[in-house]
Structures are given as C-alpha cells and as structure tokens.
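The values are calculated or read from the model by the stated rules, or taken from the named source; none is laboratory data. Values in this document were obtained by computation on a predicted structure and should not be read as measured data. Don't worry about glycine lacking a Cβ; one is built from the backbone with ideal geometry, like all the others, and counts go over all protein chains shown.
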Amino acid sequence: MDKMKAISPDRLKRFAAAIAVIVIGVTLRLTGYEVGLPYGFVKYGGSLLWGVMVYLLVTVILPDRPRLQLFISVMIAVAAELLRLYHTPWLDEFRLTLAGGAAARANLLRLEHRCLSVRDRRRRDGRPRSDDPPATPLSKKAG
C-alpha cells in the first residue's frame with residue numbers, strides 16, 4: 001500500500017465545524033436583524049464567528065502545529081482588517097455585495113458606510129467639497 005496519509009478524523013471534525021460556523025454566520029448576518037436580535041449581537045457575533053472559521057480552517061490545513069496555526073490565523077485577521085482600509089470604487093462596490101462582504105470579512109453597515117463616504121468625499125488635498133456640511137467643533141471653549 002502506498003504511503004498515502006489519510007485524513008485524520010480530527011481534521012474532518014474541524015472541517016465540519018468550520019462549515020457549521022459558516023452556515024451559522026451567514027444565517028446570523030442575513031436574518032439576525034429580522035428576527036429582532038440586538039445590533040451588537042449580530043455585528044460582533046458575526047465577526048467572532050468569522051474569526052473562529054478562519055482558525056478552524058487553518059487547523060485543518062496545518063494540523064499539529066498550534067503556534068503556527070495561531071500565528072497564521074492572526075495574520076489573516078490583521079490582513080483582512082488592513083484590506084478594509086484600502087478603497088477603490090470597484091472594491092467598494094464588490095464589498096456591498098453578499099459575496100464581497102463575506103470575502104472582505106463583513107458587510108459594511110450603514111453607519112460605517114456613511115463614515116467612509118464622508119471621508120471619501122474630501123478632496124485629495126484635504127479641503128472639503130462645497131456640498132460638505134460645515135464642520136462643528138467638538139468642544140466649545142469658554143471665555
């Protein structure tokens with residue numbers, strides 16, 4: 001018999017768990033608000049499930065290497081967060097789709113989208129456009 005390495009039952013269990021986490025995460029994101037779950041539960045629950053999914057998939061790929069699994073999982077999470085800071089029109093449109101939201105870690109929520117759109121409306125030289133609302137001071141000085 002060839003020296004083929006069979007897939008261990010532990011790897012199969014982790015893979016099945018990752019698939020279950022994906023299903024739960026998509027269900028949470030698609031129906032969480034409709035069934036009345038709190039905003040924080042849907043938003044941060046989906047993010048937590050995304051992190052668990054990444055870790056489980058990395059453990060399937062690299063069994064028996066716990067430190068490397070953790071390092072790669074953290075690097076994937078950091079890279080995903082840094083990618084969210086990069087904006088181009090086509091990438092922003094893709095992120096607004098279901099597939100893009102899943103690929104880019106999460107759909108942009110309306111509040112996040114508004115914050116980003118206000119920032120993106122600024123000119124390259126930093127001056128606000130003529131249709132920007134006037135800036136309001138954060139605190140009024142007494143005196």
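On the stretch given as the range 38-62, residues that are assigned to a helix (DSSP H, G or I), free of Cβ contacts under 8 Å to residues at least 24 places away in the same chain and either of a type in the set (Ser, Thr, Tyr) or farther than 21 Å from Pro9 by Cα (or both) total 8.
Residues are listed down the side, and each one gets a yes or a no for (1) exposed (fewer than 13 other Cβ atoms within 10 Å of the Cβ); (2) at pLDDT 90 or above; (3) not in a helix (DSSP H, G or I):
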| site | (1), (2), (3) |
| --- | --- |
| Met1 | yes, no, yes |
| Lys5 | yes, no, yes |
| Asp10 | yes, no, no |
| Phe15 | no, yes, no |
| Ile22 | no, yes, no |
| Gly36 | yes, yes, yes |
| Asp64 | yes, no, yes |
| Arg67 | yes, yes, no |
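Looking at the range 63-95 only, could you name the residues that are closer than 20 Å to Ile7 by Cβ, in contact (Cβ under 8 Å) with a residue 12 or more places away in the chain and among the hydrophobic types (A, V, I, L, M, F, W, C)? Selection gives Ile72 alone.
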